[in-house]
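The structure appears right after this line, and notes come after that.
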Amino acid sequence: MFPTLIFLSSGLFLGWSLGANDAANVWGTAVGTRMVRFKSAALVCSIFVTLGAIISGSGAAHTIGKLGAINAIGGAFTVALAAALSVYWMTKLGLPVSTTQAIVGAIIGWNLYSGTQVQFDELYKILGSWVFSPVLTAVFAFFIFHLVKVIIRKAKIHLIRLDGLTRNSLILVGAFGSYSLGANNIANVMGVFTTTAPFGELDIGGLITLSGAQQLFLLGGIAISVGVFTYSKRVMYTIGSELYKMTPVAALVVVLSSSIVLYLFASKGLKMFLESYGLPSFPLVPVSSSQSIVGGVIGIGIAKKGRNIKYAILGRILFGWIASPVIAAVVSFISLFIVQNVFAQRVI
Amino acid sequence: MKLFSSKTKEVETDIDKYLEKIEEVAMLFELALKDYFEGKIDRFEGKYKEIDNLESEADNLRRDIKYKLYSYLLIPDARGDVLGLIENLDNVIDVAKKVASHFSIEMPIVFPFLRDDFIELTEIAVKAVMELVRAARAFFKDIAMVNDYINKVYFWEHEADQVEDTLKRKAFRSTEIEKFSVRVHMRYFAERISLLADEAESVCERLSVYAIKRSV
């Protein structure tokens, strides 16, 4: 058990990075505009991220498992470590980096190192979703924003009451967003371990039974929560205050749009529901919450005819999108070499 | 959640009451000055006292709103603007009270040929204040309407300037007023009354910026 935990530590570190960084995508606008206190945000986020991971985390994790079927726990450890280091480094630079890109880059690094054929079908599905998710969020944000504007205008809600409504809505939507984040992004944290972690079924007081994967996801959820509490504050203020001068209502629309998109790409139940009616469904793929939230911000920007978008910061984020998978792939390749040859661990 | 909604309701009511106080002050101001111009000095003094009391009540409300906005942590993004607006609106009440007090203390002699102009100037200045209150109310409840009311304030302020100008010219060109000091006194009071419209306009300048910020 103890060696397993040591190997899982890199995944937990990655979870911490995700909490430090991606939780800001859900709560940054709310906390950055001072509508929700950081402590409240962190608490709600932790609870719902963990619930999302345990209840709905398996779909997207399965896709990550297929992209690189990492068959040795030492390899999984190294891949997760490489992704985590890349995310940590970029977080340090204050860039809203995506854990999704980092882990996919690191898996590609493993594929290259082990000489395993890259599963291009899965890779294209993931890459496609990277493009599609921000665009979809932008579309949602655009329409929801207009709808909300009409409602506010027609309802003539008092500024003070609107403030109260927005604040409560931000917490509700933030909880939904955290759930979606946990459901969708736990794949990035623990997806590489699902085939190698030796956990049996765990029965908790005869009430709940957690499968091996769910125990992994629970650990991942806790790691994310620690990341949220210890390191996400600064990134939240970057997202909320620097990228776009948001009104709280606009912030709410961005988070709601992004949460819907993350949920669409994570929910097995919704996928089955849509398919049962012969409707097109969304692939269960880990999508980047960073890309999604930026899509939402752009959607609002377009709705307001492009006012106030800070293009320089947008450029830095775009640079991070390209840099993070590349950096992660290189770090992963080098780390695998070191772990195998210096520490004599099996990585393939 | 319920506690929170009761707090918002409380502040909402306070803001509504505050705006009502400004309207009351403006209406009383008009009635008080009309009484003065018609020589009903006792009635004028009574209304001046009422204005004085309303000013104190508005001050208390203003302090309450300020305290509650900060202690309940409401509207963090627009708090500064709302307080700015409330403070600026307070200047309008202050001007009304001061002008009335100047009348009460200095007791200027208003010549009959200037009476109608003074009454018209007072009515117009009060109209500017009433439109300002509507603009402020719209800022809270119907942001799209703010500019319509602001434009009306600008219109009345401009009208007030013109009536003030006419009044001053009449005062200085008339042969009925013999002493130069009395002419200056007339000019001074015309300017004081018109100051009410000027103050309404200056609040609107700020209000239009707050409105733009809210709509972004």
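The values are calculated or read from the model by the stated rules, or taken from the named source; none is laboratory data. Small disclaimer: the values here were computed from a predicted structure and weren't measured. Positions of Cβ are backbone-derived with ideal geometry, glycine not excepted, and every protein chain shown enters the neighbour counts.
Points worth noting:
- Test: residue in region A:140-162 that is closer than 30 Å to A:SER10 by Cβ and touching a Gly at 6+ places or on another chain (Cβ under 8 Å): no
- Some residue of region A:237-244 being surrounded by fewer than 22 Cβ atoms within 10 Å (Cβ to Cβ), within 14 Å of another protein chain (Cβ to nearest Cβ), under 23 Å from A:ASN21 (Cβ atoms) and not hydrophobic (A, V, I, L, M, F, W, C): yes
- The one condition in (1) of a type in the set (A, V, I, L, M); (2) buried (at least 19 other Cβ atoms within 10 Å of the Cβ); (3) within 14 Å of chain A (Cβ to nearest Cβ) that B:LEU73 fails to fulfil: (2)
- A:THR137, sole failed condition from (1) within 14 Å of chain B (Cβ to nearest Cβ); (2) touching a Gly at 6+ places or on another chain (Cβ under 9 Å); (3) of a type in the set (S, T, N, Q): (1)
- Selected residue (criterion: farthest from the chain's Cα centre (by Cα)) from residues of region B:78-89 that are surrounded by 19 or more Cβ atoms within 10 Å (Cβ to Cβ) and not aliphatic (A, V, I, L, M): B:ASP81
- Test result for B:VAL95, crowded, with 21+ Cβ neighbours inside 10 Å and on the phi < 0 side of the Ramachandran plot: yes
- When restricted to residues that are surrounded by fewer than 17 Cβ atoms within 10 Å (Cβ to Cβ), facing another protein chain (nearest Cβ under 7 Å) and assigned to a helix (DSSP H, G or I), region A:148-164 contains 1.
- Residues located in region B:112-144, provided they are within 16 Å of B:ARG192 (Cα to Cα) and either within 14 Å of chain A (Cβ to nearest Cβ) or small (Gly, Ala, Ser) (or both): B:ALA125, B:ALA128
- So B:SER181, is it of a type in the set (Gly, Ala, Ser), surrounded by fewer than 15 Cβ atoms within 10 Å (Cβ to Cβ), closer than 30 Å to A:ILE302 by Cα and over 18 Å from the mean Cα position of the chain (by Cα): no
Okay, residues lined up against (1) in a helix (DSSP H, G or I); (2) hydrophobic (A, V, I, L, M, F, W, C); (3) crowded, with 24+ Cβ neighbours inside 10 Å:
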site	(1), (2), (3)
A:PRO3	yes, no, no
A:PHE7	yes, yes, no
A:TRP16	yes, yes, yes
A:ALA30	yes, yes, yes
A:ARG34	no, no, no
A:LEU43	yes, yes, no
A:ILE70	no, yes, yes
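Let's see how each residue does on (1) within 14 Å of chain A (Cβ to nearest Cβ); (2) polar (S, T, N, Q):
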site: B:VAL146; (1), (2): yes, no
site: B:VAL153; (1), (2): no, no
site: B:GLN162; (1), (2): no, yes
site: B:ARG169; (1), (2): no, no
site: B:ARG173; (1), (2): no, no
site: B:GLU199; (1), (2): no, no
site: B:SER202; (1), (2): no, yes
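- If you go through region A:79-104 and keep only what is surrounded by fewer than 24 Cβ atoms within 10 Å (Cβ to Cβ) and either within 21 Å of A:VAL339 (Cα to Cα) or free of Cβ contacts under 8 Å to residues at least 12 places away in the same chain (or both), you end up with A:LEU81, A:LEU85, A:TYR88, A:TRP89, A:LYS92, A:LEU93.
- Verdict on B:SER101 being loosely packed, with under 14 Cβ neighbours inside 10 Å, without any contact (Cβ under 8 Å) to a residue 60 or more places away in the chain and in contact with a Phe, Trp or Tyr (Cβ under 8 Å, 6 or more places away or on another chain): yes
- Being away from chain B (no Cβ under 14 Å), touching a helix residue (DSSP H, G or I) at 6+ places or on another chain (Cβ under 8 Å) and in a helix (DSSP H, G or I) is a property that does not hold for A:GLY128.
- Unique residue being at pLDDT below 90, among the hydroxyl-bearing types (Ser, Thr, Tyr) and assigned to a helix (DSSP H, G or I) when the list is A:SER225, A:SER180, A:SER232, A:SER169: A:SER232
- Unique match (being within 14 Å of chain A (Cβ to nearest Cβ), surrounded by fewer than 22 Cβ atoms within 10 Å (Cβ to Cβ) and in contact (Cβ under 8 Å) with a residue 24 or more places away in the chain) among B:ASP14, B:ASP59: B:ASP14
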